[in-house]
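Worksheet: the structure to be examined is printed underneath.
The values are calculated or read from the model by the stated rules, or taken from the named source; none is laboratory data. Here the structure is a predicted model, which is why all the values come from computation and not from measurement. Heads up, the Cβs are rebuilt from the backbone with ideal geometry, glycines too, and the neighbour counts pull from every protein chain shown.
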Amino acid sequence: MMQGASIFHLARGLHKREFFTTREILGAAWKQAYFRIVGVEDPDHVAKTRASALSFIAGHTVVELEDRRPFLSLRRSGALVRGRWIRVASLVGISAALALVAGPLLGAILIFLTDMPFALLNVVAGVVYAVAMPFVALVTAYVYFDARARMELERVERPSELPAEIQLEPS
């Protein structure tokens, strides 16, 4: 296996679908070469790369990524959660509830335990909320890929008897 081979093919596919330009790829290559030569990450490069990585996917839907029509995607989503909707709803719902409650709960606790000004408490609660929200996206992505992998694996026919099994008969 070659290091980065899968990311290369992902990038090729995304470039083919015009998610980013050749100029953006060359910029990323320059930043990678700079890091390999100098051996130290430039904080400005890291910030720009993070912003670029988050922005290139913004506004693109799964329908677009998988090149499917909207109603076919809804049908596939239904097939993904069929028989698993309690698991999907509970994981996504609990993660969203935790993310929504974490900031205000911490703010309320800090009100009683500290003498911090309310403006600062509000900022702390807002930062916790902002940090916790990507957690919901991560859980949702995990649930999606888990459901998709399980659906793909169900299609594989499994033999009823393994080839290495030997049936012992009493003699």
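Considering the stretch 72-91, and only residues there that are without any contact (Cβ under 8 Å) to a residue 24 or more places away in the chain and among the small types (Gly, Ala, Ser), the residue that is nearest to residue 150 (Cα to Cα) turns out to be 83. In the set (1) part of a loop (DSSP other than H, G, I, E, B); (2) in contact (Cβ under 8 Å) with a residue 40 or more places away in the chain; (3) among the charged types (D, E, K, R), residue 115 fails one condition alone, (2).
Residue 120: surrounded by 13 or more Cβ atoms within 10 Å (Cβ to Cβ), in a helix (DSSP H, G or I) and without any contact (Cβ under 8 Å) to a residue 24 or more places away in the chain, yes or no? No, not satisfied. Being assigned to a helix (DSSP H, G or I) and modelled with pLDDT under 70 is a property that does not hold for residue 11. For residues in the stretch 139-155 being in contact (Cβ under 8 Å) with a residue 12 or more places away in the chain and of a type in the set (A, V, I, L, M), which is nearest to residue 106 (Cα to Cα)? Among residues in the stretch 139-155 that are in contact (Cβ under 8 Å) with a residue 12 or more places away in the chain and of a type in the set (A, V, I, L, M), the one nearest to residue 106 (Cα to Cα) is 139.
Does the stretch 96-119 contain any residue that is among the small types (Gly, Ala, Ser), closer than 29 Å to residue 132 by Cβ and either at pLDDT below 75 or in contact with a strand residue (DSSP E or B) (Cβ under 7 Å, 6 or more places away or on another chain) (or both)?
no
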